[in-house]
1. Can you name every residue in region 1-46 that is exposed (fewer than 11 other Cβ atoms within 10 Å of the Cβ) and not in a helix (DSSP H, G or I)?
2. Please identify the pairs in which a residue from region 72-91 that is under 10 Å from Ala42 (Cα atoms) has its Cβ atom under 8 Å from the Cβ atom of a residue that is among the β-branched types (Val, Ile, Thr), counting only partners at least 6 apart or on another chain.
3. Would it be correct to say that Arg37 is basic (Lys, Arg), at pLDDT 85 or above and under 30 Å from Arg107 (Cα atoms)?
4. Among Ala79, Ala38, Ala45, which is the only one that is within 20 Å of Ala101 (Cα to Cα) and in contact with a Phe, Trp or Tyr (Cβ under 7 Å, 6 or more places away or on another chain)?
5. Does Glu35 satisfy the condition of being of a type in the set (Asp, Glu), more than 10 Å from the chain's Cα centre (by Cα) and not assigned by TED's automatic domain parsing to the domain that holds Gly120?
6. Taking region 56-86 on its own, how many of its residues are touching a Ser or Thr at 6+ places or on another chain (Cβ under 9 Å) and more than 18 Å from Leu119 (Cβ to Cβ)?
Amino acid sequence: MTQLGYSASVTEKTLARLRELAYVDDEKFARAWAESRAARGAYGAERIARELQSKGVDPEVTRRAVGAALDLNSETENARRVLERRFGMEDLKNAKAFRRAAALLQRRGFAAEVIYSLLGRARDAD
């Protein structure tokens, strides 16, 4: 805030007061953000964590928030829904669709183990 002409002491006092009033709470913000993004089901834990860290949230706070919002089962279910909406599970036997599906899930931040598990099952299904 020194770029705006405020001294460091004024900035610190202001932030301390905002924390005291619970207007600035990274834990609460991170939990709410992670739960909101997880509930939509379009993104995996890695993407949600990247978004939080890009907003300046501490990595440890991010890890706890994402861990509370998503577990491996819910992430797998979210990834399955993304695939069904975008490709239809039977289309994944085609090599080109398979690569595109893997890339989509990776961009959306789903864990590698979730991607391999889902795509392996889709490819092996008769």
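1. Those that are exposed (fewer than 11 other Cβ atoms within 10 Å of the Cβ) and not in a helix (DSSP H, G or I): Gly5, Ser7, Leu21, Ala22, Tyr23.
2. Qualifying pairs under 8 Å: Glu75/Val114; Ala79/Val114; Ala79/Ile115.
3. On the way: basic (Lys, Arg): yes; at pLDDT 85 or above: yes; under 30 Å from Arg107 (Cα atoms): yes.
Answer is yes for this residue.
4. Numbers: Ala38 fails: in contact with a Phe, Trp or Tyr (Cβ under 7 Å, 6 or more places away or on another chain); Ala45 fails: in contact with a Phe, Trp or Tyr (Cβ under 7 Å, 6 or more places away or on another chain).
Testing whether each residue is within 20 Å of Ala101 (Cα to Cα) and in contact with a Phe, Trp or Tyr (Cβ under 7 Å, 6 or more places away or on another chain) leaves just Ala79.
5. no
6. Residues in region 56-86 being touching a Ser or Thr at 6+ places or on another chain (Cβ under 9 Å) and more than 18 Å from Leu119 (Cβ to Cβ): 1 in total.
The values are calculated or read from the model by the stated rules, or taken from the named source; none is laboratory data. Since we're looking at a predicted model, the values are computed, not measured. Glycine also receives a Cβ, built like all others from the backbone with ideal geometry; neighbour counts cover every protein chain displayed.
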